[in-house]
Amino acid sequence: MVAPRLLLGDRRTYTEGMGQVIRFLKRHPWHRRLLTVALSVVLAAGAAVVLYPWVKQQWVIHRLGSERPEAFRRAVLMARTVREPSPALLDALSDALIQRLGSPEQSKRTFARQQAMALCRRAPMVERFTAALGRAEGMRLLHVALVLRDAGTFDPAAIAPERLDRLRALEAETAADRLGPYKMPIRLRELLSEAVIAARDNEYVRGLLSTCAAAESRYVRRAACLLAARIGADEVLGALLDDADSAVVASAALAAGAGGRNALYDAVVEHIADEPAMAAASSAWAAMRLRPAEAPPLVLAALRAADADANGTTTRRDALLHVAGMIGTPQARADLLGRLAAHRARNAHPPAALLLAAGRCNVTDAQREDIVGDVRATLLASREGNCTVVQMLAALEASRRLDADVLEEIVALLATVRNYAEVEDVLVAACRRAGELIERRPRDAAIRRRLEAWLVGLAEYYDPRTDSGTNYLTCPRASATAAGVLWRVQHPQATELLRAAIGGGTPTGADLAAWRAARARPAAALELGRTMLPPVDAAPDEQVHNARQRAAGAVLLGLAPVWSAPEQRAARRATAEQRLRSLLSAGRSWGERDPDVRRAIHGALAALGGTGALSDARAAFRDAPGRRTLTPLLVAGDRWVLDRLLIRATFSDRWIDTLLTGEGAGEVLSETAGRLPRVDAAATADVRLWQVRILRAVYALSGRNREIGL
């Protein structure tokens, strides 16, 4: 009965019991020895468990300083198995790896880089490697940065600007040894674009420029032209103007003109008479930018000699006509009007580039009527198939620039179109221009009925002979534009047709319709957006199962408050933001699940200026670059997206041309950054690509300090 009484806390019983145990151990020495050994083993095991991690870490720290490769590797691998490494171990491990990253032996660098990349996914090691960027030198600095970049944890803001420039110069110098012939030009162009955005001038930036200006790849040398103009390295840019590759000469001329490098004017004008079309046109454009008073005679002389290139194309002539439209002198106007008169005398229709250039000129009323007559004749001749698509597009664009009322010609043209799919671009431009002109004739009921009837047919046009995949509209962009015009003139079927055009078309068509609907009637567009993007707890008959309509509803909610009157903007912004955030806060189980719709919601919140929405909208653009993800960032005035689009080497000139002219993002860019050069949808493909290069050069060198946004 000793044990129960001990448990009850009886002190007398406890004392008696312990006394019995002690007396027992005194009488039995072997039991005493056995108990002593057992206690020693238990204490030793406990001490080992407690002290082993510390001892292990001390051993690893000691072995990390070993010069034997095998011992070092075992120490690194053992260090990675430590669950809770001490700061001392982390310091020793990071120092040892960083030390070997600068080793001249390839095997040591490779092992250290592999282990460092695996470790740099943990915050403590990222902090130590990032801190090392501030003290590492030479190749060690480069390899530390490469480890962080490959691990996805490199933060340029964490390093001093001058050291960042030094890092870029080192990376460019060693690119040939580290990268293959395919990856090296890509990486060098990325480094050049980063330096252009940074806009710093020091010995390291000039070292980067020297390396890239001497690269074998012409794409790298073309990209180096922008940096040379950015930092005022006229000697390098002058050498690139004398490059053997005409594409490099063209890029150097554009950079000189966009960057205002007046000292290179004489070197630029030497290439106006060059055989390659783009080099000559780029030099002419640059000469006009540099010295608009001296260059016109040279440009006009080149234009008169460029009726056709040696190979029979008209690229040189069309590009020079674009430059001639910039001149504005009496001689230039006389030259352009003389060309129009010559075509008129031959009963021939003027080329598209000539119509665009003439529409840009400042002319008298009598001269304007002559040009408008040519525009009307071109549109009427299109009914008989005597004009190309670009001529029709140019005539419509010239009518806008001249503010000419050509509604009858447009209606007559639209009534004769038979194959809609082949001329969808013309239908889009014609519908847009007709929508602008019909509002000037509120009482002209006859032509209004004809136009609206045709627009209704186009808004729901489907040719069963075409394979439209998942879309039931044959011309989704034209259908969306037609529905947008009907919405603008408040046709009774406008809402129904707009929703049908959005739901049965493509994302591009939906974005076209949403942009124009929000701009024309913001209040009604806001209500339509709320209907197309219902709340989480909407009744079954109010739910929208078409993802394109829900995405367009989000776009409408993001744009309608922006286009609203100032006194109504705040209330509508709050209404739209509440609906958008409710669909995201409900999570994917109950809220919006479709990734395209979620990206549209993030973009709408960014356009509304929502807190924390800009980073999500940027991520949406990175995941799915296009008009839908570009528009809200431009509306919000986010310069990051233009830097990524126009300066970085991520997107090609052809892709940007498709985005601006094919997807219609050019109208968004014109509204949000109107002072940047335009890309004419009515121009030929070669001229459009050249205009894209002009746009990129102007933005990189003189457009980043301009305001953007709505």
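The values are calculated or read from the model by the stated rules, or taken from the named source; none is laboratory data. Please read these numbers as outputs of a predicted model, since none were measured by experiment. Methodologically, a virtual Cβ is constructed for each residue, glycine included, from the backbone with ideal geometry; neighbour enumeration extends over all protein chains shown. The protein model used for the area step is the full one, side chains on, heavy atoms only, and it has no ligands, DNA or RNA in it. Shrake-Rupley method; radii C 1.70, N 1.55, O 1.52, S 1.80 Å.
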Among the residues in the range 316-329, are any acidic (Asp, Glu) and in a helix (DSSP H, G or I)?
yes
Filter result for TRP563 (at pLDDT 90 or above and open to solvent by 40 Å² or more (accessible area, probe 1.4 Å)):
no
Report yes if ILE159 is among the β-branched types (Val, Ile, Thr) and touching a Gly at 6+ places or on another chain (Cβ under 8 Å), otherwise no.
yes
Options LEU340, LEU336; residue that is crowded, with 21+ Cβ neighbours inside 10 Å, out of contact with any His (no Cβ under 9 Å at 6 or more places or on another chain) and in a helix (DSSP H, G or I):
LEU336
Please go through the range 617-672 and give me each residue that is hydrophobic (A, V, I, L, M, F, W, C), open to solvent by 30 Å² or more (accessible area, probe 1.4 Å) and in a helix (DSSP H, G or I), ordered by number.
ALA619, TRP640, TRP655
Selection within the range 504-542 - more than 16 Å from ALA600 (Cβ to Cβ), open to solvent by less than 30 Å² (accessible area, probe 1.4 Å), in contact with a helix residue (DSSP H, G or I) (Cβ under 9 Å, 6 or more places away or on another chain) and not in a helix (DSSP H, G or I)
GLY504
Hey, any hits in the range 616-623 for a residue that's basic (Lys, Arg) and under 25 Å from ALA524 (Cβ atoms)?
no
Can you pull out every residue in the range 232-251 that is of a type in the set (A, V, I, L, M) and either surrounded by 23 or more Cβ atoms within 10 Å (Cβ to Cβ) or part of a helix (DSSP H, G or I) (or both)?
VAL236, LEU237, ALA239, LEU240, LEU241, ALA247, VAL248, VAL249, ALA250
Pairs under 8 Å by beta carbon, first residue part of a helix (DSSP H, G or I) in the range 188-207, partner open to solvent by 40 Å² or more (accessible area, probe 1.4 Å) and among the aromatic types (Phe, Trp, Tyr), six or more apart or different chains?
ARG189/TYR219
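Open to solvent by 40 Å² or more (accessible area, probe 1.4 Å), part of a helix (DSSP H, G or I) and either under 17 Å from VAL635 (Cβ atoms) or touching a residue at least 24 places away in the same chain (Cβ under 8 Å) (or both): does that describe GLN549? Spell out the reasoning first.
Values: open to solvent by 40 Å² or more (accessible area, probe 1.4 Å): no; part of a helix (DSSP H, G or I): yes; either under 17 Å from VAL635 (Cβ atoms) or touching a residue at least 24 places away in the same chain (Cβ under 8 Å) (or both): yes.
So GLN549 does not fit the description; no.
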Checking ALA215 against (1) touching a residue at least 24 places away in the same chain (Cβ under 8 Å); (2) assigned to a helix (DSSP H, G or I); (3) open to solvent by less than 40 Å² (accessible area, probe 1.4 Å); (4) farther than 24 Å from GLN115 by Cβ, which test does it fail?
(2)
